[in-house]
Every structure is written in structure tokens, then in C-alpha cells.
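The next block holds one structure in the form of C-alpha cells; read it before the comments.
The values are calculated or read from the model by the stated rules, or taken from the named source; none is laboratory data. Here the structure is a predicted model, which means the values were calculated and not measured. Here the Cβ positions follow ideal geometry from the backbone for every residue, glycine too, while neighbour counts run over all protein chains shown.
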Amino acid sequence: MKKRDRIQRYSAPERINHWIVALCFMFAALSGLGFFFPSLNWLMNVLGTPQLARLLHPFVGVVMFVAFLRMFFRYWQHNLPDREDLIWAKNIHKIALNEEVGDTGRYNFGQKCVFWAAIFSLLLLLASGIVIWRPWFADAFAIPVIRLALVVHSVSAVALIIVIMVHIYAALWVKGTITAMVEGWVPAAWAEKHHPRWYRAVREQQSRPTQQEKRP
Ligand code: HEM
């Protein structure tokens, strides 16, 4: 594909950061499901032994949170709701048939929902995770608080797992999306079709003369 037909969407540091989040998520989710469901206990071996998984799970969770925070501060402005989201949500049946509606910016309403659901559940996971973290912090809390934290931790983990399953499905299902996070670019036709407002903004920026060109 010619350079003109591609648009840069993510830099290398942004992609590395995203894959750190994704890897940590995989490990934390698989080991966590292993702790929670007796029938899935075998998943505790994802990183060697159940003891190792138990030791590493909270640390990996903290790394995931910190890495996601970087994504949060980088993308939150692009994920603020706007009027186009309403059009997108009202026409979800057309979206499901791979049609596009509205003048979508850098992210569509579905992606925005994933973004906010991820930060919300990660905040709950971190707060509840600290309360139940033995042997470091749990002793500082009363038993009823620990019980409540266990419920919050489990519910928010299941919610995040469902949200990320939808995210992965969308990333693979919408043709042309995955290269964004693997190689950093997307086909121009993809951008024009799925994110027309963002596409116009990028093209406009590209057509502006650089400082050097402006110099007499
Ligand atoms: C194997 C797992 C994953 C795959 C295949 C995947 C794939 C992708 C792809 C292709 C994009 C680019 C979408 C675009 O720019 O239009 C993306 C963006 C993103 N991903 Fe993932 N991802 C995975 C895991 C995760 C996890 C675990 C999280 C968070 C906990 C996450 C959070 C995000 C966020 C916040 C964005 C930017 C979109 C936005 O801000 O709305 N991803 N991902």
C-alpha cells in the first residue's frame, strides 16, 4: 500500500504501552478466573505455579493500572461524548451490518463506552484489590470491608473481561483496525469510512505548510 493511502494512528511508544496493558490483562484475568472458579483452578498455572500466580497477580494488576492510566491521559479528550454519538447509538442495527452513520471523530460511541468502562472497572479493581491484598494491606481492614471488597473485585473483574471481549471482537471484526495497534497505521479508506471527522482533520493538518516551507 502506498504511503499516501495510509494514516498514522498510534506511535511505537503508544503501541508498546497498549500491549503491556493487554498482556497484563490476559495474565490477571486468567489467573483471577483460576482463583475464583474451582472448575478453572488449572488456569492458576498460567505463569508457572498457583503460588507464583497468587504472588504476581496483584503486582501485574498494578502494572496494568499504571499503564492504562497513561492511555487514559492520552486519549480521554477523544473519548468525550458528542452529538454524533447519539446518531451512532440510534443506528446500532446499521453499524452491526457494517454500514456507517454520522460524522464520527477519532473514536466512535462503542469505543468510547469501552474506554470509560475500562477506567471505571480498573479503578474499582485497584481500590478493592488493595483492601484484599495479603499480606500487605488486608490486615488494616475490618472483615466486613474485606468481604465487600471481594464482591466489588469479582464483579468489576467480570465486567472488564466482558468489555475487553467486545473490544477484541470489534478490533478483529472491523477490517483494517488491527494494523492500528500492530503497525501503527490504518488504511486511509478505513479512516474515511469509519472516522470521517478524524480523517478530515488529519488530511487538513497534512496539507498545512510546515514551518520550514513557510520561511521565505
Ligand atoms: C488481545 C487483546 C487486545 C486487542 C487485540 C486490542 C486491540 C486494539 C486495537 C486494534 C485498537 C485500535 C482501535 C482504533 O484505534 O480504532 C485498540 C485500542 C485501544 N485499546 Fe485495545 N486491544 C486489546 C486489549 C486491550 C485491553 C486489555 C485494554 C484495556 C484494559 C485495551 C484498551 C484500549 C484502548 C483504551 C484503546 C484506544 C481506544 C479508545 O480510547 O477508545 N485494549 N485496541
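Counting the residues of segment 175-197 that are within 10 Å of the ligand (Cβ to nearest atom) and under 13 Å from Arg106 (Cα atoms) gives 7. The set of residues in segment 119-160 being of a type in the set (Phe, Trp, Tyr) and touching a helix residue (DSSP H, G or I) at 6+ places or on another chain (Cβ under 6 Å) consists of Trp133, Phe137, Phe141. Within the group Phe25, Phe36, Phe68, Phe72, which residue is farther than 17 Å from Lys112 by Cα, touching a residue at least 24 places away in the same chain (Cβ under 8 Å) and within 13 Å of the ligand (Cβ to nearest atom)? Going through Phe25, Phe36, Phe68, Phe72 in turn, the sole match is Phe25. Condition check for Glu100 on (1) over 21 Å from Ala159 (Cα atoms); (2) in a helix (DSSP H, G or I): one failure, at (2). Per the listing Ala149, Ala117, the residue uniquely in a helix (DSSP H, G or I) and either within 16 Å of the ligand (Cβ to nearest atom) or under 27 Å from Leu80 (Cβ atoms) (or both) is Ala117.
For segment 162-170, check the following and say yes or no: at least one residue is without any contact (Cβ under 8 Å) to a residue 60 or more places away in the chain, exposed (fewer than 15 other Cβ atoms within 10 Å of the Cβ), of a type outside the set (Val, Ile, Thr) and part of a helix (DSSP H, G or I). Looking for residues that are without any contact (Cβ under 8 Å) to a residue 60 or more places away in the chain, exposed (fewer than 15 other Cβ atoms within 10 Å of the Cβ), of a type outside the set (Val, Ile, Thr) and part of a helix (DSSP H, G or I), one finds at least one in segment 162-170, hence yes.
Among the residues here, Leu126 qualifies as among the aliphatic types (A, V, I, L, M) and within 28 Å of Ala67 (Cβ to Cβ). Inspection of segment 130-139 finds no residue satisfying the criterion of being among the aliphatic types (A, V, I, L, M), assigned to a helix (DSSP H, G or I) and in contact (Cβ under 8 Å) with a residue 60 or more places away in the chain. Only one entry of Leu125, Leu172 meets the criterion of being more than 24 Å from Trp76 (Cβ to Cβ) and either outside the structural domain of Phe59 (by TED's automatic domain parsing) or modelled with pLDDT of 95 or more (or both), and that entry is Leu172.
Looking across segment 1-40, the residues that are of a type in the set (Ser, Thr, Tyr) and surrounded by fewer than 18 Cβ atoms within 10 Å (Cβ to Cβ) come down to Ser11, Ser39. Among the residues of this structure, Leu43 counts as one that is crowded, with 18+ Cβ neighbours inside 10 Å, in a helix (DSSP H, G or I) and either β-branched (Val, Ile, Thr) or outside the structural domain of Trp133 (by TED's automatic domain parsing) (or both).
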